[in-house]
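The values are calculated or read from the model by the stated rules, or taken from the named source; none is laboratory data. Predicted model, so just to flag it, every value in this text is computed and none were measured. Because the Cβ atoms are built from the backbone with ideal geometry, glycine has one as well, and the counts that use them run over all protein chains shown.
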Amino acid sequence: MKELRTLAIRALPLPGESIDSWLEALARRSWTSLSALLEALGVPVYERTHRLLVAPSSKMLRQLEAQTGLPQGHLDQTVIPPGLVGRYAPRWRFCPQCLRESDGRWLTRWWLPWSLACAKHKALLQSVCPSCLKEPREFLPRPVHVNAPGRCLHPTGLRSVCGADLSAVPALDLEQGHPLAQAQLVLDRIAITRTTNTGSVFAHAEECLDRLTQAMTSSDLPALDGVLGEAWERLFITTPIPLTEFAAWRLRERGSEILTRELLRQEYQQDGKPLRQIADDYSLPRKYVVERARELGIPVYRGNRPHVFDDEWLRDQYVNQIRTADDIGQELGTDGNVVRRRLDQLGVPRRLFGVHSWPIMNRKLDDSVPADIRKATEGNLHGWLRLRRFQILTAFPTLTTAASYLKVRPSMLTGQFNRLEADLGAELFHRSVRHAAQHPTSRGASLLRDINDPQAQNLMREALGPKLEPMPSRAEIASAEAMADGMDARLTSLSSHLPAPDHLHIPPPIVPLLKHLFEHVGQETYAAQIQSRTGLSRATIQRQLKCFAEAGWLTARDEPREERPKGGRCRIYYSLTVPARRIPIRDLLSNPRHLRKRTPPRDETQDTTVGQSHEPAGQRVTE
């Protein structure tokens, strides 16, 4: 059997000293780090300091006593019961004067949640280091042998610590006879050992704290808030999430006083209020309310409580009205699974699960509804939506502009119309090409007339409800037409080998430059002259001249060097080509209103717009 090793250099723990402080003093006497000492003694090296106070077992404490020559049971005073702090790490506070008098030894009671003041020096306990503004004992101190006692050992780097002298921190003295100092004197008398019953400790502490809160006045709180604000809040916490075991115990005690048998019977059993709502009403955790109800013998339902059904009404709603179980359950204030179980008990055959059981998928329309509308909507989840979007589509020149108005991707809209055409088995509209807007086919025009029928409109509003997308206004259509074939479209190309086209497209940004060119027909011009006449930027002029040259409207000539005897950069002269000069466009440029596309009038009294063949947007010039 391996013999237990003992320390040659020893130090006795001071009265009330914590086990981590005593082990730190041993490591400093042995000139070694605390982690190395713990490994030599067979004690786990924890990351958090408070784990040394709550984790050691009785066997480990007896082993430490044998290794350091202490009487059996002597170390029981240096630890605290695990149930006193719970799974949340406590905050260590300290008294600078006590550290100075004890040469940097730390007391066990400074870990307790109700340790707010030093009863010996009548001063508030400090909670953070004034230098690094961190809790000095949060992490297990490692290099204790190279730092003086009473220093802040909070790590600031891989091998560095704060090192501030905590014993030199100015004291926060309390005035003579302050109620907090008197209450702290009573609280410090509570004996805390490893075997202490936490319930009795909490009850004693609660009695003292009740007297303290009654004795404290509003003028006493601001002085505490600056230093112990968080500790004070945790001590008297009333939120549903307890931060310490003491706060959890207080919530359980408060819940036992509020949640009586009569209250739960009245609100839970008779009024039907859920336990979650009862917990919210009284600011209590739901699990405490459930535990209290079971403790009082009140049955707790895991889901919704049993519901009493009208079986004939339920059968009619599910079978004849084709309503879903979830829809029926929402009306009855219960869950859809409860409705399904009752339907199984009644022997009602269930419809297919999912979307196939929805009313809109099983609804049959009357024969008075046109056949195309019935084909598009019966057995389709989004049939009415596709019809509405087809109605909106025909008001726009292109599918892209319609998708921009509906705020969807063009590919999504294409898929919807492909599905609509597949359902009807016919092509519904001619797709737009350059300078030719989209327009419905004869089958599409017939479908639009059917959609505009008042009966179909009422069915559409009933099916879509708030999801019914409005028809575009005249201004929105005009804007879409300008976007479809205006700003982004290319200038019509001219060729000297072909006759002039019947229709020309002139994007609006090019109009100022075109007007300048036609005002100087037969003359050459250059970029600086155009800039001075039109006010356009040089980059814009160069870009537009390039467009005109590529489309065959302009010819470019470099200025010879001999024409610039004084030197300088040679210009590039531009002039209209012969095909461009033959175009009678000057009269139209002098009257800009002729360049605007004319929009066919529409009846604003109707809520819908029948698809029409729109002329492409942009500038149109007819010879």
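Figures for the structure shown
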read-out: Exclusive hit being surrounded by 14 or more Cβ atoms within 10 Å (Cβ to Cβ) and in contact (Cβ under 8 Å) with a residue 40 or more places away in the chain, set Leu224, Leu153, Leu212; value: Leu224
read-out: Of all residues making up segment 13-30, the number that are more than 14 Å from Leu70 (Cβ to Cβ) and of a type in the set (A, V, I, L, M); value: 1
read-out: Ser160 touching a residue at least 60 places away in the same chain (Cβ under 8 Å) and among the small types (Gly, Ala, Ser); value: no
read-out: Residue tally, condition polar (S, T, N, Q) and under 19 Å from Gln214 (Cα atoms), over segment 160-192; value: 3
read-out: Filter pass, Arg342 being in contact with a Phe, Trp or Tyr (Cβ under 9 Å, 6 or more places away or on another chain) and either of a type in the set (A, V, I, L, M, F, W, C) or assigned to a helix (DSSP H, G or I) (or both); value: yes
read-out: Residue among Leu498, Leu468 that alone is outside the structural domain of Tyr574 (by TED's automatic domain parsing) and either on the phi > 0 side of the Ramachandran plot or modelled with pLDDT under 80 (or both); value: Leu498
read-out: Residue that is part of a loop (DSSP other than H, G, I, E, B) and either of a type in the set (Gly, Ala, Ser) or in contact (Cβ under 8 Å) with a residue 60 or more places away in the chain (or both), where the choices are Arg100, Arg105; value: Arg105
read-out: The listed residue being closer than 16 Å to Leu228 by Cβ, crowded, with 17+ Cβ neighbours inside 10 Å, at pLDDT below 85 and out of contact with any His (no Cβ under 9 Å at 6 or more places or on another chain), out of Pro81, Pro90, Pro113; value: Pro113
read-out: Any chance Arg29 is within 30 Å of Phe236 (Cβ to Cβ) and among the charged types (D, E, K, R); value: no
read-out: Neighbours by Cβ (under 6 Å, 6+ apart or cross-chain): first from segment 54-79, in the same structural domain as Leu41 (by TED's automatic domain parsing) and in a helix (DSSP H, G or I); second basic (Lys, Arg) and surrounded by fewer than 17 Cβ atoms within 10 Å (Cβ to Cβ); value: Thr68/Arg10
read-out: Filter result (under 37 Å from the mean Cα position of the chain (by Cα), within 21 Å of Ser473 (Cα to Cα) and among the hydrophobic types (A, V, I, L, M, F, W, C)) within segment 397-446; value: Leu399, Ala402, Ala403, Leu406, Val408, Leu413
read-out: Count - residues of segment 173-197 that are surrounded by fewer than 19 Cβ atoms within 10 Å (Cβ to Cβ) and outside any loop (DSSP other than H, G, I, E, B); value: 5
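So that you can scan it fast, the table gives a plain yes or no per residue for (1) free of Cβ contacts under 8 Å to residues at least 40 places away in the same chain; (2) in a loop (DSSP other than H, G, I, E, B):
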{"site": "Val408", "(1), (2)": "yes, yes"}
{"site": "Gln416", "(1), (2)": "yes, no"}
{"site": "Arg419", "(1), (2)": "yes, no"}
{"site": "Gln455", "(1), (2)": "no, no"}
{"site": "Glu481", "(1), (2)": "no, no"}
